[in-house]
Every structure is written in structure tokens, then in C-alpha cells.
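Structure record follows, encoded as C-alpha cells.
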Amino acid sequence: MEIVHVYTKDREEFGRQCLLWDRPTELLADILPDQNLASNFIQRNHKDQAVQAGRQVSEHQVNTERFESDSHGVNHVEGGWPKDINPLDMEQTIRFRKKAEKDESYLNSIQQLGSVTEYCSRQNNAVDIYQEPFDGWEEVEESPEPPSAKTINVFRDPNEVRRTVTGLSWHPDGGRKLAAAYSCLDFQKTSRDMSLDSYIWDVENPNRPELILKPASPLVCLDYNPKDPHTLVGGSYNGQIVYWDTRRGSQPVELSSVEHSHRDPVYKIIWLQSKTGTDAFSASTDGQVLWWDARRLSEPTERLVLDPTREGNLNRALGAISLEFEATMPTKFMVGTEQGLVVSCNRKAKTPTEKIVCTYDGHHGPVYALQRNPFFPKNFLTVGDWTARIWSEDIKESSIMCTKYQMSYLTDACWSPVRPSVFFTLKMDGMLEVWDILFKQSDPMLSLKVCDRALYSLRVQDNGRLVACGSQQGETTLLEICSELSTLQKNDKSLLAAMFERETKREKILEARQREIRLKERSRSEQSREEEIGREDGEDDPDQLITRAESDFYSQVEAELKRRERREEEALREKDVCEEKEVNDEEEAGRNETSS
């Protein structure tokens, strides 16, 4: 049985009948407006109302995990040999070459590659890609841009307990990597949760360190080997020296013994110029400078106690906090001390007393930075207390140039490796200042607020373009300096040489004048002391007092008579000269009359 739905409706409810054929338009009704009905209605005010027809959505931000990429390098020495052939065996390689040269496919491939090589060589001969298109054109001097610097990257300590960046060292091969030493130098503020690790960062990857250095004690300083970029040496908080080879991983290769190491933290360690490339020396606040061979760190090869009396007494030694070595002066080195002295030493001296050559005194606090000018090694830069000073080796009494006293303490400084007149300083208020002494000596060329915390370490890349600053909060800020401050200018060397020479001469003159004044004061004080002794001896004897008074009187009279005689002689000389001049004038006048 089929189910059928039936809908019933009256005819009148369907409306008008639909007639579906073509016909012309037809007017069915025409209702005209009635003005009488308009009074029964009130016109409604116009009102606009917006209606949102779309769906309501909400926006949320989510921090997803960052994709971390890791790059690995392979040192390819020699390839293309089968597995059963040792490339180091000369007989096997010669036998394989002869066999390959007799193969027909080898001859065919050589013929095909010969045409391609010939085409490339002809193309190189036709077009010189290294030709300077604008060679010989005069350079148009551009208007100098104002000094500036911009932040490129910030490398943060990945640990929860942040530590101070106490040392920095650039990779010697192009400066693509930066090694940073982390430690806490505040007294009794080291916690158990504090990490001991230091890191090597890739300049272009601030998210994760490229290599983690795992010492037994926190590193205070470290330095890359300029001859071998895979090795670096560090000084620990407990006084030990640590040696790494990055090809062997994070663990140190060599470690000095505690008995033969420093007794205080190692504040500076520098590689020396040697044939083996494994010699280094370190300085510490225990008053010792130790020399090491990185291949055998069991004990130091040489030792120097910084005793100013030159007796080698460790109890009277000056605590070393900075160190300087210049490769062009292999026998000389300098040490900055906690007492504000700079000690100049000679390593090749025969006796320990001759190793300490002289001292320079000019700071009221520890000498935190010490570096020779890379273009003028006889002049060096020091930073301590609130000033930065430039010294000359020839003048030991005072510096030849000095900045004005700053409002904040200075913690580090270094010269620019490109421009001889530019140096950088760090301050406790987080400021980096760039000085150019050729243009301005009283104020820095550029002052930049790097961070809100104190800055402690500074290192400039070899090209002078990138500057790394380490802060108390564990942040290493990488800055790019403008081209004006990182490009060698015309006549920079000659102008700075003249300035250093002029300032050195001025200081020598002032030093000689001060020496004369001191000698006069000393002789005057000795004379007054003798007179006092004479008075004390002859107080009770009136005859001695009378004879001394008479001798003083007669000596004064004789001096006055000599003075008068001298004046009379000078007056007679002047009179004779005037008379002779008058006679000559009269003779000349007579000659002129006769000639006319």
C-alpha cells in the first residue's frame, strides 16, 4: 500500500490565477494619495543601527618551541680512492693510477672534459672578472657620518643563576666564534646551584652555545691560541690553568696541579710567541707570574714574584690583575697590580732582581686594563679608578695623556686594532665609550648605553668592526661600530706619532722642572736643618752669636758692593756703546754728504 500525502486548500487562498501567456501590460488598480488620512499618522525619526552578521572570533598568542638547527663540518683530506686502497701507500696509489689510465672510459672522459676546460679557459682569458671598472677615477669625499654603533646579537647565560662575564676571546680565524668565561667574583656570594660551565658562541647563533667548556672550577679568563684556532687556555677561580682542544670535546685536555698553581684566581692568561706555539703565562692576585707549557701543565716552567723590593718575598708581592705582552717585544711584558702600579719586566734578565725593570704609578685603585698601542708599542693604555691614561715608556713619573675623572668606575679598556688613535672603555653604569684622541681629548666620540648592569669585560675583533661587551648579568652584547671609527683614516699614524712625541717632550720638560724644584727644596731644608743645629749648639755662647752676626753682615755688604760694581760696569759699557754708535752715525752722515 502506497502512502500518499494530500494537502487541501480553498480556492480563494491560492490568490490570483496564474495565466501563463503573453499579453501587454494592464493597469489593475490606481490608488491616489488621500491627504485626509495623512493627519492620522506620525512620521518616525530616522535611526541607524549596525548589525554584526559575522561570527565572533578571539585572537591568542602561543609561544611554540623554536626549531634549533645544528651545523657539522667535515675535514676532507683526500678522497676518490676505493676502500681497499690506502691513499697513504705510494705503491698502491701508483698502481691504481696506471690501471685507471689504461681504461678506455678514462680516455673518453678526459677527451670530453678537455673541451669543457678549454671553453672555460678561453672565457677567462676573454673577460677579466677582477678588473677594476673605475680604476683611476678620483674618489669623491663623502660627508662623514656621525659616530654610531648598533647591537647585532646578545648572548645570554643559559643557566638560571646568572654569572658575570669575566673574560672574552675572539676566534683567531676570522672571528666567527667568541669564547666567554663566566664566574662570580663577589665575595662569599657563590651558591651551590651556580654552574661551572663556560661557552663558545657562534656569532650568528645566539640561541645555543656551539661548545660547552666544563672546567673543575669557574673560569675567570681564557684566550684562544693565535697559532692553533682549535686550542685555548683558561685561568680558573681556584688558581688552576686549564687547556682545551675543541676537537676533543668539552672536557679539558690538560689541567695544572693545585700544588704548583696560583693561590688566588687567575685574572689574566696570554699565549706567548714561541716555536712550539704552546707557551703561555698567567698572572694572579697572589703576586706571582707563572710561565706554562700547555703540553705539560704539571708545573710551571718559570716563576716571578712581583716584590717591589726585588727580594722575591711573596708576603710583600703586589697582586697582579692585568697582563700585557706584545709579540714585537718578545722579552718584555707588563703587569697591572691591585695597588695601582704598572710593573715593567724583562723575562730574559739573568737574575730575579733584574727582571723587574721599573714601575709606573698613576692610579688610585687596581689597574683593570693594560694594553700597548698596536701601532706604537712604546705607548700603552691603562684603566683604573675613574680615569684612562696613556703612558710612554720613557716617562715613569706621570702619564702623557689622561681622560677627565668620570662619574662611574672604569672596568676595562682596549685599543682599536685598525685605528691607532681610537680606544674603547667600559664603565660600571653600563656605558661603552669610544675615544678618538686625534679629534677630542676631553670627551668621547661616542657614548652608548649597552645595558643597565655593570660591564666587566671587553674585546674587539681583529677587523675593528665588532665589539663584544660582557656584563654582570651574564649577557655578552655584540656591537657593530660605524665605518668612521673602524676604518684607517689618512695621516692617522703620522698625526698620532707627532702628538705622542709632543706630549712626551712636554712631560719630560715638566719632569725636569719638578726635579729641580725638589732639589732646591731639599737643599733648602738641609741648610735650614744645619742652621737649627748650629743655633742649638751655640745658644749658650754669646761670642759665637756675635761672630756669626758679624760674618753675615760683612757677607751681605760684600755682596752688595759686588752688585753695585757690576751695575757700574754695565752702565759704562752701555755708555761706550752709545758713544761708539754716535761716532759711526756721524761718519756715515759725512760720507753721504761727500757722495752727494
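The values are calculated or read from the model by the stated rules, or taken from the named source; none is laboratory data. Nothing here was measured: the structure is a model prediction, and the numbers come from that model. Reconstructed Cβ throughout: ideal geometry from the backbone, glycine too, with neighbour counts over all protein chains shown. The accessibility values were calculated without ligands, DNA or RNA, using every heavy atom of the protein model including side chains. Shrake-Rupley method; radii C 1.70, N 1.55, O 1.52, S 1.80 Å.
With respect to P444, determine if the residue is part of a loop (DSSP other than H, G, I, E, B), open to solvent by 10 Å² or more (accessible area, probe 1.4 Å), at pLDDT 90 or above and farther than 22 Å from Y267 by Cα. Answer is yes for this residue. Would you mind stating whether L113 is among the aliphatic types (A, V, I, L, M), open to solvent by 100 Å² or more (accessible area, probe 1.4 Å) and either in a helix (DSSP H, G or I) or at pLDDT 80 or above (or both)? For L113, the condition - among the aliphatic types (A, V, I, L, M), open to solvent by 100 Å² or more (accessible area, probe 1.4 Å) and either in a helix (DSSP H, G or I) or at pLDDT 80 or above (or both) - is met.
Residues checked against (1) open to solvent by less than 100 Å² (accessible area, probe 1.4 Å); (2) at pLDDT below 85; (3) within 30 Å of D202 (Cα to Cα); (4) in contact with a Ser or Thr (Cβ under 7 Å, 6 or more places away or on another chain):
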| site | (1), (2), (3), (4) |
| --- | --- |
| L19 | yes, yes, no, no |
| N45 | no, yes, no, no |
| S69 | yes, yes, yes, no |
| T117 | yes, no, no, no |
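Quick one: count up the residues across segment 367-405 that are assigned to a strand (DSSP E or B), of a type in the set (A, V, I, L, M) and in contact with a helix residue (DSSP H, G or I) (Cβ under 9 Å, 6 or more places away or on another chain). Talk me through it step by step, then tell me what you get.
Start the filter on segment 367-405 by keeping residues that are assigned to a strand (DSSP E or B), which leaves 367-372, 379-384, 387-392, 401-402.
Retained after the next criterion (residues that are of a type in the set (A, V, I, L, M)): 367, 369-370, 381, 383, 388, 390, 401.
Subset that is in contact with a helix residue (DSSP H, G or I) (Cβ under 9 Å, 6 or more places away or on another chain): 390, 401.
Of the residues in segment 367-405, 2 are assigned to a strand (DSSP E or B), of a type in the set (A, V, I, L, M) and in contact with a helix residue (DSSP H, G or I) (Cβ under 9 Å, 6 or more places away or on another chain).
The single condition among (1) out of contact with any Gly (no Cβ under 6 Å at 6 or more places or on another chain); (2) open to solvent by 50 Å² or more (accessible area, probe 1.4 Å); (3) within 20 Å of Y409 (Cα to Cα) that Y456 does not meet is (1). Summed over segment 279-304, the residues that are closer than 21 Å to L318 by Cα, open to solvent by less than 30 Å² (accessible area, probe 1.4 Å) and not hydroxyl-bearing (S, T, Y) give a count of 12. Give the residues of segment 83-96 that are part of a helix (DSSP H, G or I) and exposed (fewer than 10 other Cβ atoms within 10 Å of the Cβ), sorted by residue number. M90, E91 - these are the residues of segment 83-96 that are part of a helix (DSSP H, G or I) and exposed (fewer than 10 other Cβ atoms within 10 Å of the Cβ). Counting only strands (runs of 3 or more DSSP E) that sit completely within segment 453-513, those holding 1 or more residues that are free of Cβ contacts under 8 Å to residues at least 60 places away in the same chain correspond to 455-460, 466-471.
Looking at segment 385-395, is at least one residue of a type outside the set (A, V, I, L, M, F, W, C), more than 12 Å from E324 (Cβ to Cβ), open to solvent by 40 Å² or more (accessible area, probe 1.4 Å) and more than 24 Å from the chain's Cα centre (by Cα)? Yes. Of everything in segment 228-262 that is assigned to a loop (DSSP other than H, G, I, E, B) and among the acidic types (D, E), the residue that is farthest from H72 (Cα to Cα) is E259. One residue stands out among those in segment 411-461 that are charged (D, E, K, R) and within 10 Å of the chain's Cα centre (by Cα): the one that is nearest to A149 (Cα to Cα), which is R459. Filtering segment 215-248 to residues that are in contact with a Pro (Cβ under 8 Å, 6 or more places away or on another chain) and more than 22 Å from A283 (Cα to Cα) leaves only P229.
Got at least one residue in segment 519-542 being among the hydrophobic types (A, V, I, L, M, F, W, C) and modelled with pLDDT under 75? Checked segment 519-542: at least one residue is among the hydrophobic types (A, V, I, L, M, F, W, C) and modelled with pLDDT under 75. Looking for something part of a strand (DSSP E or B), among the charged types (D, E, K, R), at negative phi and touching an Asp or Glu at 6+ places or on another chain (Cβ under 8 Å) - is there at least one such residue anywhere in segment 410-420? No, segment 410-420 contains no residue that is part of a strand (DSSP E or B), among the charged types (D, E, K, R), at negative phi and touching an Asp or Glu at 6+ places or on another chain (Cβ under 8 Å). Within segment 258-276, residues that are among the charged types (D, E, K, R) have Cβ atoms under 7 Å from residues that are part of a loop (DSSP other than H, G, I, E, B) and open to solvent by less than 70 Å² (accessible area, probe 1.4 Å) in these pairs: R263/G239; R263/D286; D264/G239; D264/T285; D264/D286, counting only partners at least 6 apart in sequence or on another chain.
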